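The values are calculated or read from the model by the stated rules, or taken from the named source; none is laboratory data. Since this is a predicted model, take the numbers as computed values, not measurements. Cβ coordinates were reconstructed from backbone atoms using ideal geometry, including for glycine residues, and neighbour counts include every protein chain displayed.
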Ligand SMILES: *Cc1c(COP(=O)(O)O)cnc(C)c1O
């Protein structure tokens, strides 16, 4: 099989390995892990690699992705606050959904009623990051209303931080969830089984043992996929950061100056570019661009390659200092940050290859 470029190659055994490491770290603190699949669009072979590592519960922000894996044997949580317009699919394809609007929860209740189901929800609480969630002072009031709904079961409280406001999870803000859990128990005599304390930015609290004991669930995407906690960007011990590799093909290679000739106006993205004169450099153009990737999130595996910049379809590299004698048709490899991986996995122009396919192509 001849490969097509650009492509992302996924080493499924590294994903499985990272899952095992993250799970063992979390289970020591009594924490269940939702494996978050949105960055790779819930691609089934990667979901399977997660399940192989011991994940039993996945989460995705898009109902289309959960629909794609409806027959896979695991629990499914819809992570993004439900849209009213998709209520029926939410009830059909997720076991649990995260919510913050009473109206939407009532629409879910109706949908569940007409499907003859009970739908589980986690109520999202905003502890300071100002993305989704009910404000602390409004929680008790909304819980009281939720408990009146016949086809909705409130199973937990959750929060999300470090996404919009950059607020880090800590004992103080996660402690608010714990306090609310106790308040709800005291007022309504219900035991909430899920206290969901955030995403990969909460992993550091496991690593330094500061996570409150009542937090019993984290929703982990980047930690598994890129082997990184996201509060400080540290690698997680014993995890791989190269399970996903981007490969692109060189279509031009020439020695050229580093400063363009002529009057500088705006580039293709409306920015006024700025150039540092490094003299004549060997420049390689790779056939990939901002339509497919986030250029700032790329790191060439060859440390002697640097990135000049990119337009929609062209990535311009400085390969002068590389020990490889690059020529047209050669392949350049990159690691990606989360945003870049998200773009590449979502782009229809980027091929995806999974480890089993790689093995098959060798046999053929
Ligand atoms: C994306 C998402 C996650 C996972 O975030 P990571 O930083 O990749 O671990 C968790 N919770 C919610 C609500 C999300 O939208």
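In region 147-174, how many residues are surrounded by 18 or more Cβ atoms within 10 Å (Cβ to Cβ) and in a helix (DSSP H, G or I)? Counting residues in region 147-174 that are surrounded by 18 or more Cβ atoms within 10 Å (Cβ to Cβ) and in a helix (DSSP H, G or I) gives 2.
Scanning region 117-150 for residues that are within 16 Å of the ligand (Cβ to nearest atom) and at pLDDT 95 or above yields 120, 121, 122, 123, 124, 125, 126, 133, 134. Being buried (at least 24 other Cβ atoms within 10 Å of the Cβ), outside any loop (DSSP other than H, G, I, E, B) and within 14 Å of the ligand (Cβ to nearest atom): is that true of residue 246 here? The answer is no for residue 246.
(1) touching a strand residue (DSSP E or B) at 6+ places or on another chain (Cβ under 6 Å); (2) away from the ligand (no atom under 13 Å from the Cβ); (3) closer than 18 Å to residue 18 by Cβ: which one isn't true of residue 202, the others all being true? Every listed condition holds for residue 202 apart from (2). Restricting region 27-42 to residues that are more than 13 Å from the chain's Cα centre (by Cα) and closer than 22 Å to residue 98 by Cα leaves a set whose member that is nearest to the ligand (Cβ to nearest atom) is 33. Since residue 48 meets every condition but one in (1) more than 16 Å from the ligand (Cβ to nearest atom); (2) touching a strand residue (DSSP E or B) at 6+ places or on another chain (Cβ under 7 Å), which condition does it not meet? Only one criterion in (1) more than 16 Å from the ligand (Cβ to nearest atom); (2) touching a strand residue (DSSP E or B) at 6+ places or on another chain (Cβ under 7 Å) is unmet by residue 48, namely (2).
Take region 4-16 and flag every residue that is surrounded by 19 or more Cβ atoms within 10 Å (Cβ to Cβ) and in a helix (DSSP H, G or I). Within region 4-16, 12, 14, 15, 16 qualify. Taking region 284-300 as the range and being farther than 15 Å from residue 250 by Cα and part of a loop (DSSP other than H, G, I, E, B) as the test, the residues that pass are 290, 291, 292, 293, 294. Here residue 236 fits the description: within 14 Å of the ligand (Cβ to nearest atom), at pLDDT 95 or above and not assigned by TED's automatic domain parsing to the domain that holds residue 41. In the set 91, 107, which member is touching a strand residue (DSSP E or B) at 6+ places or on another chain (Cβ under 6 Å), outside any loop (DSSP other than H, G, I, E, B) and either within 29 Å of residue 213 (Cα to Cα) or more than 16 Å from the ligand (Cβ to nearest atom) (or both)? None of the others qualify; the one that does is 91.
Checked against the criterion of being touching a residue at least 24 places away in the same chain (Cβ under 8 Å), crowded, with 23+ Cβ neighbours inside 10 Å and outside any helix (DSSP H, G or I), region 132-139 has at least one qualifying residue.
In region 206-230, the residue that is surrounded by the fewest Cβ atoms within 10 Å (Cβ to Cβ) out of those that are more than 8 Å from the ligand (Cβ to nearest atom), within 22 Å of the chain's Cα centre (by Cα) and farther than 25 Å from residue 121 by Cβ is 207.
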